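Please read the structure below before turning to the comments.
The values are calculated or read from the model by the stated rules, or taken from the named source; none is laboratory data. Here the structure is a predicted model, which means the values were calculated and not measured. Cβ sites come from the backbone with ideal geometry, for glycine too, and all protein chains shown count toward neighbours.
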Amino acid sequence: MPVAVITGASKGLGRALAAALAKQGWDLVLGARTADVLKESAEHAGRYGTRVVAVPGDVTHPAHRAELVAAADELGGLDLLVSNASALGAEPLVRLEALPVAGLRAALETNVVAALGLVQEALPLLRASRAGGAVVTVSSDAAVEAYETWGGYGASKAALDHLAAVLAAEEPGLRVWSVDPGDMQTDLYAAAVPDDQDERPSPESVVPAFVRLLAERPASGRYTARALLETR
């Protein structure tokens with residue numbers, strides 16, 4: 001069975017993606033900070049009969065990243081690493097003039113530094129994957145568009161996009177995909193813009209875009225869920 005590690009897996013996109021991969025026969029290591037909610041996510045994915053290991057912890061902590069990779073190794077290796085855990089930097093989002101510098105640091109630590117640290121921890125197993133190792137970093141349209149109040153979060157995702165692009169250049173044996181899922185009805189979005197009452201797509205609605213990447217394994221690069229879904 002192929003093995004995937006997914007961070008930020010207790011809710012939203014992480015939980016939806018975990019269930020979809022389990023349904024396709026993937027064994028999973030799921031990480032998130034809230035242990036009880038993560039357990040529910042693992043049980044949800046485990047309905048499909050694959051092995052699902054919940055590893056609660058904070059992805060910004062090196063010891064937790066090591067635990068995630070060690071759990072994958074115990075399942076037989078690592079074929080896919082999904083960096084989905086994200087921090088906004090301010091809740092709700094604010095203009096740059098009011099953005100706490102500490103908040104920006106927190107966003108960078110979670111969205112960029114921790115993602116790189118996890119890749120570094122996982123690279124030996126990803127390189128050894130017989131199926132061909134793959135890395136997915138979850139991006140945002142705020143990484144490429146200038147939206148008011150999204151400056152700190154967008155800057156962190158832009159940095160993550162660039163790290164993914166360089167990783168792809170340095171590791172030609174891997175597939176490295178940066179994926180912009182678009183706006184979704186998630187707790188993260190609600191915390192970012194609590195006054196927005198517009199209907200947003202569910203995380204489950206964009207998961208087929210990620211599944212398509214894994215099935216077709218296109219060249220490393222940046223993709224949007226919308227484009228992947230429209231060209232099916």
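If only one of A128, A155, A146 is among the hydrophobic types (A, V, I, L, M, F, W, C), closer than 17 Å to L93 by Cβ and over 19 Å from the mean Cα position of the chain (by Cα), which one is it? Before you say what the answer is, go through the steps one by one.
Details: A128 fails: closer than 17 Å to L93 by Cβ; A155 fails: over 19 Å from the mean Cα position of the chain (by Cα).
It is A146.
Considering only the stretch 172-227, state which residues are closer than 17 Å to R15 by Cα and among the hydroxyl-bearing types (S, T, Y).
Matches in the stretch 172-227: T186, Y189, S202, S205.
List pairs: first in the stretch 168-180 and over 27 Å from E145 (Cα atoms), second modelled with pLDDT of 95 or more and hydroxyl-bearing (S, T, Y), Cβ under 8 Å, 6+ apart or cross-chain?
L174/S220
Of all residues in the stretch 78-122, count the ones that are of a type in the set (A, V, I, L, M, F, W, C) and in contact with a Leu (Cβ under 8 Å, 6 or more places away or on another chain). First the steps, then the outcome.
Looking only at the stretch 78-122, we keep the residues that are of a type in the set (A, V, I, L, M, F, W, C), and these are 78, 80-82, 85, 87-88, 90, 93-94, 96, 98-99, 101-102, 104, 106-108, 112-116, 118-119, 122.
Remaining after also requiring in contact with a Leu (Cβ under 8 Å, 6 or more places away or on another chain): 78, 80-82, 88, 90, 107, 112, 115-116, 118-119, 122.
Here the count works out to 13.
Take the stretch 125-144 and flag every residue that is part of a loop (DSSP other than H, G, I, E, B) and on the phi < 0 side of the Ramachandran plot. Please lay out each step first, then the result.
We begin by selecting, within the stretch 125-144, every residue part of a loop (DSSP other than H, G, I, E, B); these are 129-133, 139-140, 144.
Within the stretch 125-144, S129, R130, A131, G133, S139, S140, V144 meet the criteria.
State which residue is surrounded by the most Cβ atoms within 10 Å (Cβ to Cβ) when the search covers only the stretch 114-132 and only residues that are in contact with a strand residue (DSSP E or B) (Cβ under 9 Å, 6 or more places away or on another chain) and over 24 Å from A159 (Cβ atoms).
Once the filter is applied, the top-ranked residue is L125.
Just name the residue that is surrounded by the fewest Cβ atoms within 10 Å (Cβ to Cβ) out of those in the stretch 14-58 that are under 18 Å from T137 (Cα atoms) and not hydrophobic (A, V, I, L, M, F, W, C).
For the stretch 14-58, the residue satisfying everything is D58.
Taking the stretch 167-186 as the region of interest, how many residues are part of a helix (DSSP H, G or I) and surrounded by fewer than 17 Cβ atoms within 10 Å (Cβ to Cβ)?
Of the residues in the stretch 167-186, the ones part of a helix (DSSP H, G or I) are 167-170.
Filter once more, keeping what is surrounded by fewer than 17 Cβ atoms within 10 Å (Cβ to Cβ): 169-170.
Adding up the residues that qualify gives 2.
So, restricting to helices (runs of 4 or more DSSP H) that lie completely within the stretch 1-113, which ones have at least 2 residues that are on the phi > 0 side of the Ramachandran plot and either touching a residue at least 40 places away in the same chain (Cβ under 8 Å) or of a type outside the set (G, A, S) (or both)?
Details: elements: 12-23, 35-46, 62-75, 101-108.
Hits in the stretch 1-113: none.
Assuming Y147 fulfils every condition listed in (1) in contact (Cβ under 8 Å) with a residue 40 or more places away in the chain; (2) closer than 30 Å to A98 by Cβ; (3) in a loop (DSSP other than H, G, I, E, B); (4) not acidic (D, E) apart from one, which condition is it?
So Y147 meets the others, but not (1).
Just to be sure, is A164 crowded, with 20+ Cβ neighbours inside 10 Å and either assigned to a loop (DSSP other than H, G, I, E, B) or modelled with pLDDT of 95 or more (or both)?
Numbers: crowded, with 20+ Cβ neighbours inside 10 Å: yes; either assigned to a loop (DSSP other than H, G, I, E, B) or modelled with pLDDT of 95 or more (or both): yes.
Judged against the criteria, A164 is a match.
Mind listing whichever residues of the stretch 187-232 are in a helix (DSSP H, G or I), surrounded by 12 or more Cβ atoms within 10 Å (Cβ to Cβ) and not aliphatic (A, V, I, L, M)? Steps first, please.
Residues of the stretch 187-232 that are in a helix (DSSP H, G or I), as a first pass: 187-192, 203-216, 225-230.
With the extra rule that they be surrounded by 12 or more Cβ atoms within 10 Å (Cβ to Cβ), the set shrinks to 188-192, 203-214, 225-226, 228-229.
If the condition is that a residue be in a helix (DSSP H, G or I), surrounded by 12 or more Cβ atoms within 10 Å (Cβ to Cβ) and not aliphatic (A, V, I, L, M), then Y189, P203, E204, S205, P208, F210, R212, R226 are the ones that fit.
Please pick out the residue among R217, R200 that is in contact with a helix residue (DSSP H, G or I) (Cβ under 8 Å, 6 or more places away or on another chain) and touching a residue at least 12 places away in the same chain (Cβ under 8 Å). It would help to see each step written out before you state the result.
On the way: R217 fails: in contact with a helix residue (DSSP H, G or I) (Cβ under 8 Å, 6 or more places away or on another chain).
Exactly one of R217, R200 is in contact with a helix residue (DSSP H, G or I) (Cβ under 8 Å, 6 or more places away or on another chain) and touching a residue at least 12 places away in the same chain (Cβ under 8 Å), namely R200.
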